[in-house]
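Step one of this worksheet: look at the structure below.
The values are calculated or read from the model by the stated rules, or taken from the named source; none is laboratory data. No experiment lies behind these values; they were computed from the predicted model shown. Note: ideal-geometry Cβ built from the backbone for every residue, glycine included; neighbour counts use all protein chains shown. Note: accessible area is taken over every heavy atom of the protein model, side chains too, but ligands, DNA and RNA are not part of it. Shrake-Rupley method; radii C 1.70, N 1.55, O 1.52, S 1.80 Å.
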Amino acid sequence: MSKIKSGISSSFTAEQQKQRRRRIWIVPLGFLVILFLWAFIGKRSLSAEDLARGYSYTLYQFPLLNVVLVPVMTAVIASRLCDMEIKGNTLKLLCTLQKRSSFYDWKFIHELKYLLIFTIGEGILVPLIGMFCHFTQKLPLPLVFLHVGTTTLVSLVLLTLQHFLSLMSSNQILPLLVGLIGSFLGLFSMFFPPRAARFILWGYFSAFSPYGMDYDSQTRVMSFYRNPFPTETFVLFLLFGLLFFVVCRTVFVKKEV
């Protein structure tokens, strides 16, 4: 038991040492600033009617913004944490000192740490924007927690993909390019038929959005409505995410270095 604890502690410490002075926390904080400015600037001059549905609009808007921002952010985080082994060509040496599975897992856990900074921070931004913009709508706290949970799940699956690509690629341009392309695919998937959109991983932020929107082109009035939570889709996506992680991990462990 003591050997296991010692191995865990040394693996954790090793990853911590690698990240010293790299300031990777700036990445999720920077994207949070972009998200806040984008949402706040668009809500500076709202009518009384708009203020009465401010949280509905925010919780509708954030999943759409995540479709664009999160794929790029996860690509940058994974690339920044994995490029030190790839660029330094030390992966083979590390695999002789540490189990590949342990290396893969601890690297992912540290990436997850920065991802949670973003998703939890986004949940905190919802009431902050309401406070700065003086929303009169009551804060739907359960929906905020639901939004944070579903955002974290989808982001984890995307992080799994980017983590795998960053460790398997000798050049980090490919993983970054996949993240950028994913942003566009996720955005365009919102115009696909629902069955086709299910095959686009990057578009699932909008699939779990707590609110939908109707727009009357004649009156130019937006109305928001509660989306029923897609429990079946959520469970299937969760199972897919777990299977996807296991497959990616297995392929890396068996990879020739």
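In segment 226-254, how many residues are touching a residue at least 12 places away in the same chain (Cβ under 8 Å), open to solvent by 50 Å² or more (accessible area, probe 1.4 Å) and under 20 Å from Phe108 (Cα atoms)?
Residues meeting the conditions: 5.
Kindly establish whether Phe205 is in contact with a Leu (Cβ under 8 Å, 6 or more places away or on another chain) and either modelled with pLDDT of 90 or more or surrounded by 19 or more Cβ atoms within 10 Å (Cβ to Cβ) (or both).
When the stated conditions are applied, Phe205 passes them.
Yes or no, residue by residue, for (1) open to solvent by less than 80 Å² (accessible area, probe 1.4 Å); (2) at pLDDT 85 or above:
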site	(1), (2)
Thr13	yes, no
Gln16	yes, no
Arg23	no, no
Pro28	yes, yes
Leu35	yes, yes
Leu46	yes, no
Tyr57	yes, yes
Phe62	yes, yes
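List the helices (runs of 4 or more DSSP H) that sit entirely inside segment 132-199 and contain at least 1 residues that are surrounded by fewer than 18 Cβ atoms within 10 Å (Cβ to Cβ), modelled with pLDDT under 85 and of a type in the set (Lys, Arg).
194-197
Are there any pairs with C-beta distances below 9 angstrom linking a residue in segment 50-63 that is within 12 Å of Met222 (Cβ to Cβ) and outside any helix (DSSP H, G or I) to a residue that is small (Gly, Ala, Ser) and open to solvent by 20 Å² or more (accessible area, probe 1.4 Å), with the two at least 6 apart or on different chains, and if so which?
That search, which allows pairs on different chains as well, returns Arg53/Ser223.
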